[in-house]
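S.K.: Take a look at this one; I'll ask things after.
The values are calculated or read from the model by the stated rules, or taken from the named source; none is laboratory data. In this text, all values refer to a predicted model and were calculated from it rather than measured experimentally. Quick reminder, even Gly has a Cβ in these numbers, built from the backbone with ideal geometry, and neighbours come from all protein chains shown.
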Amino acid sequence: MTVAAPEKELKTVEKPKVFAFNALSLKDLKALSAESLWSFNEAELLAIQAHFKAQRREPRAAEVETLAQTWSEHCKHKTFTGPIRYNDGKKTRLIKNLFDETIAKATKQVAKPWCLSVFKDNAGVVAFGKKWALAYKVETHNHPCAVEPYGGAETGVGGVVRDILGVGLGAKPVLNTDIFCFAPPAYEGPLPEGTLAPLRTLRSVVAGVRDYGNRMGIPTAAGGIWFDADYRLNPLVFVGTVGVLPVWAVKKEIKPGDLIVTVGGRTGRDGLHGATFSSANLTDEAPASAVQIGHAINEKRALDALLCARDRKLYRAVTDCGAGGFSSAVGEMADGLGARVRLENAKLKASDLKPWEIWLSESQERMVLAVPPKNLKALEAVFSAEGCELSVIGEFVKSGRLVVTFKDETVVDLDLKFLHKGLPRVERTAVWDVPKPSSKGAVTKLKLAEILQRCLAHLNVCSRETIIRQYDHEVQGGTVIKPLQGVRHDGPGDACVIWPHAATGDMEDLSGFAVSHGLNPEYGKTDPYRMALACADEALRNLLCVGADVSRAAFLDNFCWASPEDPHQLGRLVRAAEGARDAAIGFGVPFISGKDSFYNQSKDVNGKDLPIPGTLLISAVAPVPDVSKALTMDIKGPGNALYLLGWTSEELCGSLYNEVCGLSGGSVPEVEVRSALDGYRAVGSAIAKGLVLSAHDLSEGGLAAALSEMCFSGEFGAAIDLDDVARSGSIYSNEALLFSESPSRVLLEVKPENEAAFLKCAKGATVKRIGETIANPILKVRGLDGLVVLEEPLSALKTAWQRTLPEAME
Amino acid sequence: MKSPKVLVLRAAGTNCDLETANALAHLGAKPERVHISELRSGKAKLMSYDILVIPGGFSYGDDIGAGRVFANQVRLYLKDLRQFVRLGRPVIGICNGFQVLVKAGILPLSNTCEQTAGFTFNDSGRFEARWVHLRINTQSSCLFFKGLPEMIELPVAHGEGKLVLKSPRQLEELKKNKSIAMQYVSDDGKLAGYPYNPNGSVFNIAALSNPEGNCLGLMPHPERFTSIHHHPNWTRQTFRKETVGLAMFRNAVDYCRG
């Protein structure tokens, strides 16, 4: 154990490495920024120059690097929090802070007392019963996964798990989630040099998530994949973790004199410039050293030791070392105080690391703690018992400065106020191009059975079993509603339900929670506003379908967008953010955490920029008060009534039907929040009373796909009559009724003897009996003209649904 | 003895210890999760416990073979394990714990220190998590199986669970010694291939016990079936009162209580 160096050694003896920065012209500054991978904009370069001119000294190399990390898009979310001049197609107005005016505004307005910590800590925290709290965070790791998919996925998981370890005084991770957006694995078009084939990205990312999550012993039990060729240059990888922590551990504080202690992995040269590299467009010159190397067992060691130390109250605060390494972690913790760091005390992977490399390295599996000096001995004992290394690299002081030395050399001496508040705000412009109303698509000649088979076999609907089985989705003994459901454990569940008390030890407590997602970039291609509402709606409906209490749901937002410097892209972002706001306020569901990732665009083979489709992932979490009342989506028996919640309109723009039939146009599904909410309340109360046997949400592929999935998972057939579907007046085709993607609809199975009670619960909601389940394993649909328009054996439907992904991943 | 003391042995990368210990505590036993470093230092002593559980996980990342490093540590720091087994105290190794017991030479025979069986990668070439049907060897004297039906279900989750033996003769010996405690079977109880046999184990072996029946190693996870809500089809069917996993742990606890 190295003891912290005494104060008197502070004086610098050798002249540290400095830049001739203050005399440079703007042009030279920009050249230097590009060459050094800082990703600064003009205003920022000038602000830094002005700051150091006023100080009458040149900046040290590591100081500029620290500013680059701290001010990066990745860390400061400049686009979301900066001013935007927005033209909505009619008039122009100034948005001072998009985040405050959309996401944060919604959370403020719905004002839920059970939100214990929102937006400020490493994850959002909500109350879970009286004793416990849930922390949830979803991260993206897009740029690293584009360059090195296996390592990028591994460290993505490792990073979000550390966010959960670093929330409050640390939470125990009980669930991992993963959502990917990739190009179809069979994509055979030309790719620019340095771009990996989509199949390789898919395989490697799955392997990375699998190997890290399984080794950590955290179940990966919720997620999804969306395929679109426009992700071929910029794949998206969302990784999330839910943790459980005692309510007393939600708050942290740091006192002057607390030691800065790092635990976990050692510091190496891996992962330099991660934050800045992910804040710029990706090119084939992206450095491999920007991606870190993961070591799951080191993180497991840190997890075990940390939670033990937490329960013994040995430290006062904790945060993780993510992007920017020590510079971000210590810089953030020291905000409002000050810090004195001695880098020579850090444990290293290689002895020849330069001081600035130690300071900025993003080596994995490291956490930073604030430890009262009297607890250091006990803390050391806890960590050494787990074989986990620990070093004291300095202390928090009341100086308002961040002072970092390496032996006698001053590496950084920065005013914390400048570091955290000195970022100049740059106004951006945004334009929303109002789409021209598109006429309804042409008519297809395909038969209904053929369309249904194509929908079920489509990459965005087909079975994910081949991937899900590679994840240990049951470790910790809490996965009571599994991702795969039905007689043969292979049907597509709407959400998972986790009962975390096998891990907390409160075995008599039957409360759990459900986690789900909503994502549909296809809708966003026409209207990002409606897309955002549809995503929020889908996430909520998925929770409803497993029996969660949606009145206690919380949302997380993850925006992945192309360059915000393109006003048209930024206009679409504003639309999406406004949709998210209106969904949250309308449904009364707060956002508790979020993350954005920009610059997801690259040059294709012709040198033209290929932006990703604007992508919004809405993740939702809600408590399930009694897991023994949870539901699955598989049909439970013959002779039961099938009820459909919600209205069906002809909403086929962006639908799977349009895609498999080669059609386009129509209108994008539009959520009517009020009536949707009435429906969810009604069905929620029926589920809580035990009146519903199974429930499944209608999404891509509409009624036909949802009903097929329920039937082949439960191995019972169904006979429905489309004339009984509640529909808007303008809808008159069987195709539209079967495949429209009108939101807010759920299919429900109810026992005949419970129908009266069910309908009583459902009063005020649009719920219609559309048919019943049958013993014969077929799907039988009577059309609007009274004739049977579809009669397919379940086996054929299931085969179509199961075959696609294993074949694609071969 | 009212509450048997249970040593739930951990190492870096053990990850099923908490739910295993909580299931045992629920049954009235006194489980202690102990890192092997405490046995090395002498702070904890194996012989002061009544039951030993080596839970599942990825000890030391399974980096040079599943359970290999942990098994070597068990050889070095649990020198009295052989005596512990000989005294008839219950020992159970689950998943990674099974791999440790085999690689430490405790299973299938604990009379020599030699490793006589091994594990390799699943035939499917990848980690897989799924529920399997298992048939318990009715001739087995294994104390963990008392009162259980012949056909049971449990989940498996592993990438390196294919049991391999030295020779066909060794298989015959295992049969003769009634060491084959459980086999993977189809839903109608027959020996069948993938996916019923999830890893390609020789003779569909899912579990081994010593001939005396107090030491059991198994790939499936009994701690993941301690509540009916763990079963993938609990929303479709009704279940016997006590789940298979809980019954297995209860048998060990009851055995110690005499």
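S.K.: Quick one: A:LYS407 ticks every box in (1) farther than 18 Å from A:ALA334 by Cα; (2) modelled with pLDDT of 95 or more except a single one, so which number is it?
M.R.: Status for A:LYS407: all satisfied but (2).
S.K.: Quick check, is B:PRO4 within 14 Å of chain A (Cβ to nearest Cβ) and surrounded by 21 or more Cβ atoms within 10 Å (Cβ to Cβ)? Break it down stepwise before answering.
M.R.: Values: within 14 Å of chain A (Cβ to nearest Cβ): no; surrounded by 21 or more Cβ atoms within 10 Å (Cβ to Cβ): yes.
No; evaluated as a whole, the condition is false for this residue.
S.K.: I want to confirm something. Restricting to the stretch B:118-149 and keeping residues that are farther than 21 Å from B:GLY61 by Cα and of a type in the set (A, V, I, L, M), which single residue is nearest to the other protein chains (Cβ to nearest Cβ)?
M.R.: B:VAL132
S.K.: Hey, another quick one. Of the conditions (1) touching a Ser or Thr at 6+ places or on another chain (Cβ under 8 Å); (2) crowded, with 21+ Cβ neighbours inside 10 Å; (3) not in a loop (DSSP other than H, G, I, E, B), B:ASN199 fails just one. Which one is it?
M.R.: (3)
S.K.: Still on this structure, please answer the following. Which condition number in (1) of a type outside the set (D, E, K, R); (2) surrounded by fewer than 21 Cβ atoms within 10 Å (Cβ to Cβ); (3) touching a strand residue (DSSP E or B) at 6+ places or on another chain (Cβ under 8 Å) is the one that A:ALA808 fails?
M.R.: (3)
S.K.: Which of the strands (runs of 3 or more DSSP E) found entirely inside the stretch A:732-810 contain at least 1 residues meeting this: within 32 Å of the chain's Cα centre (by Cα)? Steps first, please.
M.R.: Values: elements: A:746-750, A:767-774, A:778-782, A:788-793.
Result: A:746-750.
S.K.: Within the stretch B:71-79, does at least one residue satisfy the condition of being touching a helix residue (DSSP H, G or I) at 6+ places or on another chain (Cβ under 7 Å) and within 14 Å of chain A (Cβ to nearest Cβ)? Steps first, please.
M.R.: Applying the first criterion (touching a helix residue (DSSP H, G or I) at 6+ places or on another chain (Cβ under 7 Å)) to the stretch B:71-79 yields B:71, B:73-74, B:77-78.
Checking the rest, the ones that are also within 14 Å of chain A (Cβ to nearest Cβ) come to B:73, B:77.
Within the stretch B:71-79, one or more residues are touching a helix residue (DSSP H, G or I) at 6+ places or on another chain (Cβ under 7 Å) and within 14 Å of chain A (Cβ to nearest Cβ).
S.K.: Let me ask you something else. Suppose we keep only residues that are closer than 23 Å to A:VAL487 by Cα and among the acidic types (Asp, Glu) within the stretch B:110-151. Which one would you say is surrounded by the most Cβ atoms within 10 Å (Cβ to Cβ)?
M.R.: Across the stretch B:110-151, the extreme among qualifying residues is B:GLU128.
S.K.: Just one of A:PHE587, A:PHE598 is at pLDDT below 95, away from chain B (no Cβ under 14 Å), under 30 Å from A:GLN109 (Cβ atoms) and crowded, with 24+ Cβ neighbours inside 10 Å; which is it?
M.R.: Numbers: A:PHE587 fails: at pLDDT below 95.
Unique residue meeting the criteria: A:PHE598.
S.K.: Looking at the structure I just gave you, is B:PHE98 crowded, with 23+ Cβ neighbours inside 10 Å and free of Cβ contacts under 8 Å to residues at least 40 places away in the same chain? So that I can check it myself, show each step before the final result.
M.R.: Numbers: crowded, with 23+ Cβ neighbours inside 10 Å: yes; free of Cβ contacts under 8 Å to residues at least 40 places away in the same chain: no.
No; evaluated as a whole, the condition is false for this residue.
S.K.: Additional query: Before we move on, is A:SER351 part of a strand (DSSP E or B) and surrounded by fewer than 24 Cβ atoms within 10 Å (Cβ to Cβ)? Talk me through it step by step, then tell me what you get.
M.R.: On the way: part of a strand (DSSP E or B): no; surrounded by fewer than 24 Cβ atoms within 10 Å (Cβ to Cβ): yes.
In short, no.
S.K.: Condition test on B:SER59, is it in contact with a helix residue (DSSP H, G or I) (Cβ under 8 Å, 6 or more places away or on another chain) and farther than 24 Å from B:LEU18 by Cβ?
M.R.: Details: in contact with a helix residue (DSSP H, G or I) (Cβ under 8 Å, 6 or more places away or on another chain): yes; farther than 24 Å from B:LEU18 by Cβ: no.
Judged against the criteria, B:SER59 is not a match.
S.K.: Sort out which residues of the stretch B:102-128 are in a loop (DSSP other than H, G, I, E, B), touching a Gly at 6+ places or on another chain (Cβ under 9 Å) and among the hydrophobic types (A, V, I, L, M, F, W, C), and write them in order of number.
M.R.: B:ALA104, B:ILE106, B:LEU107, B:CYS113, B:PHE121, B:PHE127
S.K.: Still on this structure, I have one more. Determine whether A:LEU570 is over 30 Å from A:PRO144 (Cβ atoms) and part of a helix (DSSP H, G or I).
M.R.: So A:LEU570 does not fit the description; no.
S.K.: Taking A:VAL250 as the residue in question, decide whether it is buried (at least 24 other Cβ atoms within 10 Å of the Cβ) and at pLDDT 95 or above. Give the derivation first.
M.R.: Numbers: buried (at least 24 other Cβ atoms within 10 Å of the Cβ): no; at pLDDT 95 or above: yes.
In short, no.
S.K.: While we're here: Collect the residues in the stretch A:408-451 that are touching a residue at least 12 places away in the same chain (Cβ under 8 Å) and assigned to a helix (DSSP H, G or I), keeping them in residue-number order.
M.R.: Listed by number, the residues that qualify are A:LEU416, A:LYS417, A:PHE418, A:LEU419, A:HIS420, A:LEU448, A:ALA449, A:ILE451.
S.K.: Right, here's the next one. Among the candidates B:LEU208, B:LEU246, B:LEU163, B:LEU174, single out the residue that is within 14 Å of chain A (Cβ to nearest Cβ) and not in a loop (DSSP other than H, G, I, E, B). Can you show your working first?
M.R.: On the way: B:LEU208 fails: within 14 Å of chain A (Cβ to nearest Cβ); B:LEU163 fails: within 14 Å of chain A (Cβ to nearest Cβ); B:LEU174 fails: within 14 Å of chain A (Cβ to nearest Cβ).
Going through B:LEU208, B:LEU246, B:LEU163, B:LEU174 in turn, the sole match is B:LEU246.
S.K.: If you check A:SER328, A:SER363, which single one turns out to be under 26 Å from A:LYS595 (Cβ atoms), in a helix (DSSP H, G or I), modelled with pLDDT under 95 and under 25 Å from the mean Cα position of the chain (by Cα)? Give the derivation first.
M.R.: Details: A:SER363 fails: in a helix (DSSP H, G or I).
Unique residue meeting the criteria: A:SER328.
S.K.: Looking at (1) over 30 Å from A:VAL487 (Cβ atoms); (2) at pLDDT below 95, can you tell me which one B:VAL91 breaks?
M.R.: Result: B:VAL91 fails condition (2) only.
S.K.: Considering only residues that are at the interface with chain B (Cβ under 7 Å from one of its Cβ atoms) and of a type in the set (Lys, Arg), which ones fall in the stretch A:478-488?
M.R.: Passing the criteria: only A:LYS482.
S.K.: Can A:VAL475 be described as part of a strand (DSSP E or B) and at the interface with chain B (Cβ under 9 Å from one of its Cβ atoms)?
M.R.: It is false that A:VAL475 is part of a strand (DSSP E or B) and at the interface with chain B (Cβ under 9 Å from one of its Cβ atoms).
S.K.: Which count do you get for residues in the stretch A:489-501 that are over 21 Å from B:ALA21 (Cβ atoms), more than 10 Å from chain B (Cβ to nearest Cβ) and aliphatic (A, V, I, L, M)?
M.R.: Qualifying residue count, the stretch A:489-501: 1.
S.K.: When the residues of the stretch A:502-517 are filtered to those that are within 12 Å of chain B (Cβ to nearest Cβ) and buried (at least 24 other Cβ atoms within 10 Å of the Cβ), which remaining residue is modelled with the lowest pLDDT?
M.R.: This residue is A:ALA502.
S.K.: Further question on the same structure: In the stretch A:464-501, how many are crowded, with 22+ Cβ neighbours inside 10 Å, of a type outside the set (A, V, I, L, M, F, W, C) and touching a residue at least 60 places away in the same chain (Cβ under 8 Å)?
M.R.: Adding up the residues that qualify gives 17.
S.K.: Would you be able to tell me the number of residues in the stretch A:96-131 that are in a loop (DSSP other than H, G, I, E, B), of a type in the set (A, V, I, L, M) and closer than 18 Å to A:LYS595 by Cβ? Reasoning before the result, please.
M.R.: Of all residues in the stretch A:96-131, those in a loop (DSSP other than H, G, I, E, B) come to A:96-97, A:102, A:111-114, A:118-123, A:129-131.
After this cut, where a residue has to be of a type in the set (A, V, I, L, M) as well, the list is A:111, A:118, A:123.
Next cut, closer than 18 Å to A:LYS595 by Cβ only: A:118, A:123.
Adding up the residues that qualify gives 2.
S.K.: What are the pairs, 6+ residues apart or on separate chains, where a residue within the stretch A:648-666 that is within 17 Å of A:CYS462 (Cβ to Cβ) has its Cβ under 8 Å from a residue that is among the β-branched types (Val, Ile, Thr)?
M.R.: Short answer, once both residue conditions are applied: A:LEU656/A:VAL461; A:TYR657/A:ILE451; A:VAL660/A:ILE451.
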